[in-house]
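The values are calculated or read from the model by the stated rules, or taken from the named source; none is laboratory data. Since the structure is predicted, the reported quantities are computational estimates derived from the model, not experimental observations. A quick note on method: Cβ atoms are made from the backbone with ideal geometry, for glycine too, and the neighbour counts reach across all protein chains shown.
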Amino acid sequence: MHCDELLSRAATPPELDIEFARFVSGFAENAQLQLAELCDDRGIATSVVATELLPVGDWYEQMGNARRHSYFSLGQESRGILVSVGIGELVAQFERILGGSGEVDERLGILPASAARFAHQFDDRVCEAMRRTSDRREISASAIGDEAEDVAPFALGEKVWTATIAISSSKSDRPWQVRLAACQSMIAELVEKRAASPATGRTIGARGIGGSAIADVDLPLRAVLVDVPMSIARLASLEPGAVIQVAVNRSVPLQIGQLTIAHGCVGELDDRVALELTHTSFSE
């Protein structure tokens, strides 16, 4: 009467690599909404470039200099997530909001006083994205600085889960990146309640989606090529022959309902419009 996947009730220990990948994917989706509001840019798209488990020292070397680091923790505890972004990239976004071109030296090492408020607003948006992803309202920024070693309380020999999130926009040809590092105890804390549930078992498809009872269920997919904001006055004046300029997003989301499952680039195949996927939520 029922497939085995739905009846499985055996508790299994959490696999932190899978849990971190799941968290990062959700964070990227929530961050897209938050940054679109902050930057007043509905064309912003986010995608997860890579996730790794690295020694803290190796990760610090990969990041380089001229970056702003913010540490978000659970209450007053040391467990948390470090978010790093290039100072030049932050200033470039601020310049675009003011109507500028956003052409700023990415090696800029000091945050101008004029952009300080924007940087704090960026932290607030990142914090809100983390809260929504984890459903933990007690997450807050506990330290901010230019030196990662002084901001994050990671032990010297500790390993951290790291992720790179690329942020692109239809208003700019130059994508920018936000990088995350989370201690393993933080990821374990975020999944503790779910992992302890007696109803937690292997997810549907864990034994191979081809043999699952849901393998042949059809799902409606849609690729959002353009998003054109238009005033009511102009909308009311449209008539046959009117020309509307549209810009196809560089990173096109592929969705099931409101859930984004992949991103891709628009191309052509056999004289038809096609979508070449650059990232999927199933790749992990």
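Key figures
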| item | result |
| --- | --- |
| Ser170 of a type in the set (Gly, Ala, Ser), at pLDDT below 85 and closer than 30 Å to Arg67 by Cβ | yes |
| Test for Gly86: is it over 21 Å from the mean Cα position of the chain (by Cα) and among the small types (Gly, Ala, Ser) | no |
| Odd one out for Gln177, checked against (1) outside the structural domain of His69 (by TED's automatic domain parsing); (2) modelled with pLDDT of 75 or more; (3) among the polar types (S, T, N, Q); (4) touching a helix residue (DSSP H, G or I) at 6+ places or on another chain (Cβ under 8 Å) | (1) |
| Any chance Ala163 is part of a helix (DSSP H, G or I) and either within 15 Å of Cys39 (Cβ to Cβ) or modelled with pLDDT of 90 or more (or both) | no |
| Selection from region 117-147 of residues that are over 14 Å from Gly86 (Cα atoms), touching a strand residue (DSSP E or B) at 6+ places or on another chain (Cβ under 9 Å), assigned to a loop (DSSP other than H, G, I, E, B) and not basic (Lys, Arg) | Glu138 |
| Qualifying residue in region 93-103 (condition: modelled with pLDDT under 90, touching a helix residue (DSSP H, G or I) at 6+ places or on another chain (Cβ under 8 Å), among the hydrophobic types (A, V, I, L, M, F, W, C) and part of a helix (DSSP H, G or I)) | yes |
| Selected residue (criterion: surrounded by the fewest Cβ atoms within 10 Å (Cβ to Cβ)) from residues of region 52-82 that are modelled with pLDDT of 90 or more and aliphatic (A, V, I, L, M) | Leu53 |
| Condition check for Gly109: among the small types (Gly, Ala, Ser) and more than 22 Å from Gly57 (Cα to Cα) | no |
| Answer from Glu37, Glu29 - the residue that is buried (at least 18 other Cβ atoms within 10 Å of the Cβ) and closer than 25 Å to Gly88 by Cα | Glu29 |
| Some residue of region 106-116 being of a type in the set (Ser, Thr, Tyr), assigned by TED's automatic domain parsing to the domain that holds Leu35 and in a loop (DSSP other than H, G, I, E, B) | no |
